[in-house]
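These notes concern the structure reproduced below.
What follows draws every value from the coordinates through simple rules; no lab data is involved. Since the structure is predicted, the reported quantities are computational estimates derived from the model, not experimental observations. Glycine gets a Cβ as well: all are built from the backbone with ideal geometry, and neighbour counts include every protein chain shown.
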Amino acid sequence: LVDAVEYFEFQAGDTIVKQGDIGSYFFVVQEGACEVSVNGSAANTLHHGVAFGAISLLYGCPRTATVTALGLCGVWGADGNVFRQVLHEHARAHHAENCQFLNSIRLFDGLSPAIKGRIGELALVVERFGQGS
């Protein structure tokens, strides 16, 4: 993934993504701040580490908001195809982990691999808790 991302710099007022456009990149703010506006009204401010641009790539719909640099702003961008590939690989690994877990439970020994696979896809949610939670 590191080899597949590009670094972009924008000046104050530059449009990074425009509402209604077709999305081709997923972005993560590295430095500076960006304003998110929907239908011309400010809706949010994005800072270091915040990602944007996923909705258009995931659902194949036009961009749902405009993102504008508030000052000098640097963002990392991943091409949409790379973004979708990474998500697919993550989902596949998560599914394999779920199936391995289900295979370790004797209660499910009588279930077919297909049924275990469906349970792994639909019914298991991983929640992580910090120490003392």
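So which residues in region 74-123 are touching a strand residue (DSSP E or B) at 6+ places or on another chain (Cβ under 8 Å) and not in a helix (DSSP H, G or I)? Hits for region 74-123 are 74, 75, 76, 77, 78, 79. Taking the criterion of being assigned to a loop (DSSP other than H, G, I, E, B) and under 16 Å from the mean Cα position of the chain (by Cα), would at least one residue in region 14-29 satisfy it? Yes; the residues of region 14-29 include at least one that is assigned to a loop (DSSP other than H, G, I, E, B) and under 16 Å from the mean Cα position of the chain (by Cα). Screening residue 12 against (1) more than 15 Å from residue 52 (Cβ to Cβ); (2) of a type outside the set (Val, Ile, Thr); (3) surrounded by 13 or more Cβ atoms within 10 Å (Cβ to Cβ) leaves a single unmet condition, (3).
Listed here are the residues, each with its yes/no results for (1) more than 19 Å from the chain's Cα centre (by Cα); (2) surrounded by 14 or more Cβ atoms within 10 Å (Cβ to Cβ).
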residue: 49; (1), (2): no, no
residue: 66; (1), (2): no, yes
residue: 70; (1), (2): yes, yes
residue: 84; (1), (2): no, yes
residue: 111; (1), (2): yes, yes
residue: 116; (1), (2): yes, yes
residue: 133; (1), (2): yes, no
